Every structure is written in structure tokens, then in C-alpha cells.
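Here's the structure we're looking at; comments come further down.
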């Protein structure tokens, strides 16, 4: 059974810093990995999806990488802004059927 | 384009009552699913469906029923509510394709069972 872990559970940084959020998974036979953002009281918004054949994906100031052999994914946020404050969740899928296993998330606070 | 719509947003039930959480999507997505989110537990899959007439259990299906009579709708029924079902429930949908199956989430339904 796939297990997904995110460390740290919470992170506070000053505005402008570059930061990395970590995601670990136990089963390297991962089909794809997604990063989501969740604002308080809201649903999840998909940020990036990395398919198993890819090593990274980029969208604006966000870059996500996937290393299946080590069971790790990272989300890099460049030049952080207070608007980036949210909980970031990673989730892995074992098949094409969209069943995702989620980590518990990292709560990010970017201080002005 | 409304995306994924969940109703109600908030609900309070007494133990033993039944209710249905509604989920509708207008993106012609084959895949629909229900998750619950609890502090310290992350999101856990309750039930999912890969098309009309097809449903299957997820990680935590006990106490919940689903049906998929149309592509658009995927209601979640609580048969006899228990305090352990107090949670935030999310419906999510996606296309079924070769791998870029990005999930679109609803805004969530917060349920409290007294």
C-alpha cells in the first residue's frame, strides 16, 4: 500500500525566500504525482502533475521534481510571496484510474 | 463553467440520522470520487466511480453509499450518521486518460454529527 509523507508539517519564511517542500512515497511504482494547494476553508487546486516518465514540471515560480528511485518529490517555490501562504499537499497515483494517496500537507506561511 | 459543485456547504446531523451530500460536475468527466479530510489524517478516499453505473470502494467506505446514474452526478449517502463521520467531505472528478488525470475538486461540505 502506498504511503505518502510530507515534512515539515508547517513552515514559516520571510517574503522573497526560495523554498522547497518535500514529499516522500513508499512505492516507487508510482504512475503520477500531483501537487495541490489548499487555502483555508476551500477545496484543493491542482498545481502540477508529473507523470512517471517525467522528472519535473514547471509552472511560473513553481517547479516540481520526481525521483522514483529514491521515492521523493519536491516542490520548489521561487521568490515566495504572502499570497503563497496555504497548505500544499502531494498525492501519488498507482494507476491511471485517478485513485490518489495524499500526504498530510505542509502548511506554508510567507511573512511580509 | 461551474466545475465541481457540492451541496450543502455545511450540515449538522444528530447520531442516527441519514443524509445525502450532492456532487455535480459539468466537465463530462468519467471519473468521480469522494474524499474525507480529517486533521492529522490527510485526505482519504471513500468511494469512486469510473463511469455511469460503475462504483467501487476506496480506503474508508464503511457507513457510506454511492450511486452513479448519470455522468454528471455522484451523491454520497450517509445511512446512519455517527460522530466519527464528522469531517470535511470533498468531491473530485477527472478525465480518464493515459496519465494526465488532473483532479478537479469541489469546495467541500463540512459535516458535524452530534
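In the Gaussian network model of chain B, springs joining C-alpha atoms below 10 Å, which of B:52, B:92, B:24 carries the largest mean-square fluctuation?
In this elastic network of chain B, the residue with the biggest mean-square fluctuation among B:52, B:92, B:24 is B:52.
Pairs of alpha-carbon atoms within less than 8 angstrom and 6+ residues apart define the contacts here; what relative contact order does chain B have, in percent?
35 percent.
In peptide A:35-46, how many Cβ atoms from other protein chains are near each Cβ within 10 Å, on average?
On the way: counts 0, 4, 0, 5, 0, 0, 5, 3, 13, 11, 3, 6.
Per residue, the number of nearby Cβ atoms from other chains is 4 on average.
Cut-off 10 angstrom, C-alpha nodes, Gaussian network model of chain B. Which of B:87, B:33, B:18 fluctuates the most?
B:18
Relative contact order for the stretch A:9-50: what percent, with Cα pairs under 8 Å and sequence separation of 6 or more?
Relative contact order here is 28 percent.
Have a look at A:100, A:21, A:75 and tell me which one the Gaussian network model of chain A (Cα, springs below 10 Å) gives the largest fluctuation.
A:100
Give the relative contact order (percent, whole number) for chain A; include only Cα pairs under 8 Å separated by 6+ residues.
The value is 37 percent.
Report the extension gain between residue A:29 and residue A:58 in nm, rounded to one decimal, defined as 0.36 nm multiplied by the number of residues separating them, less their alpha carbon distance.
Gain in length upon complete extension: 8.2 nm.
Sorted by packing (mean other beta-carbon atoms within 10 Å per residue), highest first, where do A:79-92, B:61-74 land?
Peptide ranking by packing, descending: A:79-92, B:61-74.
Only the coordinates and a few stated rules stand behind these numbers; no lab work does. None of the values given here were measured: they were computed from a predicted structure. Every residue, glycine among them, receives a Cβ derived from its backbone with ideal geometry; neighbour counts consider all protein chains shown.
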